[in-house]
1. So, in the stretch 73-119, exactly how many residues are touching a helix residue (DSSP H, G or I) at 6+ places or on another chain (Cβ under 7 Å), over 28 Å from residue 172 (Cα atoms) and of a type in the set (A, V, I, L, M)?
2. Quick one: which of 121, 85 is part of a helix (DSSP H, G or I), in contact (Cβ under 8 Å) with a residue 60 or more places away in the chain and exposed (fewer than 15 other Cβ atoms within 10 Å of the Cβ)?
3. Given the conditions (1) touching a helix residue (DSSP H, G or I) at 6+ places or on another chain (Cβ under 7 Å); (2) of a type in the set (Lys, Arg); (3) under 26 Å from residue 24 (Cα atoms), report the number of the one that residue 211 does not fulfil.
4. If you check every pair at least six apart or on different chains, which have Cβ atoms under 7 Å apart with a residue in the stretch 26-52 that is within 17 Å of residue 203 (Cβ to Cβ) and of a type in the set (S, T, N, Q) first and a residue that is in a loop (DSSP other than H, G, I, E, B) and within 9 Å of ligand 2 (Cβ to nearest atom) second?
5. Taking the stretch 204-229, which residues are in contact with a strand residue (DSSP E or B) (Cβ under 8 Å, 6 or more places away or on another chain), more than 16 Å from ligand 2 (Cβ to nearest atom) and not in a loop (DSSP other than H, G, I, E, B)?
6. Within the stretch 12-45, how many residues turn out to be under 22 Å from the mean Cα position of the chain (by Cα), farther than 22 Å from residue 222 by Cβ and within 16 Å of ligand 2 (Cβ to nearest atom)?
7. Since residue 164 meets every condition but one in (1) buried (at least 23 other Cβ atoms within 10 Å of the Cβ); (2) within 16 Å of ligand 1 (Cβ to nearest atom), which condition does it not meet?
8. For residue 56, are the conditions met, namely being out of contact with any Ser or Thr (no Cβ under 7 Å at 6 or more places or on another chain), more than 11 Å from ligand 1 (Cβ to nearest atom), over 20 Å from residue 169 (Cβ atoms) and not in a helix (DSSP H, G or I)?
Amino acid sequence: SLKIECLDVGKSYAGDGVTTNAVQHINLSFSKGEFTSIVGPSGSGKSTLLSLIGTLDSPTSGKILYDGEEIVKKNKKAISDFRFEHIGFIFQQFHLLPTLTALENVLSPLFARKVPYNKIERAKEVLEQVGLSDKENSLPSQLSGGQQQRIAIARAIVHKPDWLLADEPTGNLDTETGERIFDLIQELNQQEGCGVFFVTHDPKLAVKANRMITMKDGMVLSDKKGEFA
Ligand code: ADP
Ligand code: ADP
């Protein structure tokens, strides 16, 4: 999809007598190819916004349109097909499958899918893009944290998504490794043309994006474009 629009999006959680407005009144629009960071303190709604944008969760008010279509109103299969076609995810925890090799982990999203390209060739291509061709037969436990995150990134882009959603991908890495992961994602954004959402609580990384959205208490505090990169 070429465009994502959030129209007065809100998500609240009902607890024992208390309702948490995790995000509210979000009005934002994103174009494919944009590199956006989402920054703000813990609890400000970053993860919630990202999972809404990623169709992992549905808003309790407002709506999100992908090229004009409200995907989360569709059936489960249509939503998961949409995700496979358009979205890749990476997280703070790498979530690699421990018994599979690096190459098998990268291949795993393609296992049950029909695609118009050679799966193994594609997996090797993305392993090369993340600089780990020589590790294709390694198990996750044999790799460093930074290498494991690179494998997770390769897995997230193997199906050629339009959007890469990253939730604190550097949260488990030391500063230098984190910066290198950021730079890799920026490179992939430029090479592959996929839009990136990069959630972080680290302002130093956030300002390196082309667009920086700052969240506070579930709302957008500022949305600055163009003056960073
Ligand atoms: P961030 O990613 O900025 O740390 P989150 O989106 O995780 O913020 O959380 C925003 C607010 O919503 C917090 O107050 C959090 O406790 C609450 N929240 C998030 N997920 C849930 C949930 N599944 N159930 C209840 N409250 C939640
Ligand atoms: P992150 O490190 O990405 O900010 P969190 O630690 O805020 O993630 O949340 C991790 C998971 O726990 C998320 O799926 C979030 O929705 C859920 N969660 C966060 N806060 C709450 C809460 N108060 N009650 C229930 N679930 C929550």
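1. Counting residues in the stretch 73-119 that are touching a helix residue (DSSP H, G or I) at 6+ places or on another chain (Cβ under 7 Å), over 28 Å from residue 172 (Cα atoms) and of a type in the set (A, V, I, L, M) gives 1.
2. 85
3. Among (1) touching a helix residue (DSSP H, G or I) at 6+ places or on another chain (Cβ under 7 Å); (2) of a type in the set (Lys, Arg); (3) under 26 Å from residue 24 (Cα atoms), residue 211 violates only (1).
4. Sorted first by the residue in the stretch 26-52, then by its partner, the pairs are 42/201.
5. Selection gives 211, 212, 219, 220, 221, 222, 223, 224, 225.
6. 1
7. Among (1) buried (at least 23 other Cβ atoms within 10 Å of the Cβ); (2) within 16 Å of ligand 1 (Cβ to nearest atom), residue 164 violates only (2).
8. When the stated conditions are applied, residue 56 does not pass them.
The values are calculated or read from the model by the stated rules, or taken from the named source; none is laboratory data. For clarity, every value in this text was computed on a predicted model and none was experimentally measured. Here Cβ is always computed from backbone atoms with ideal geometry, including for glycine, and neighbour counts include all displayed protein chains.
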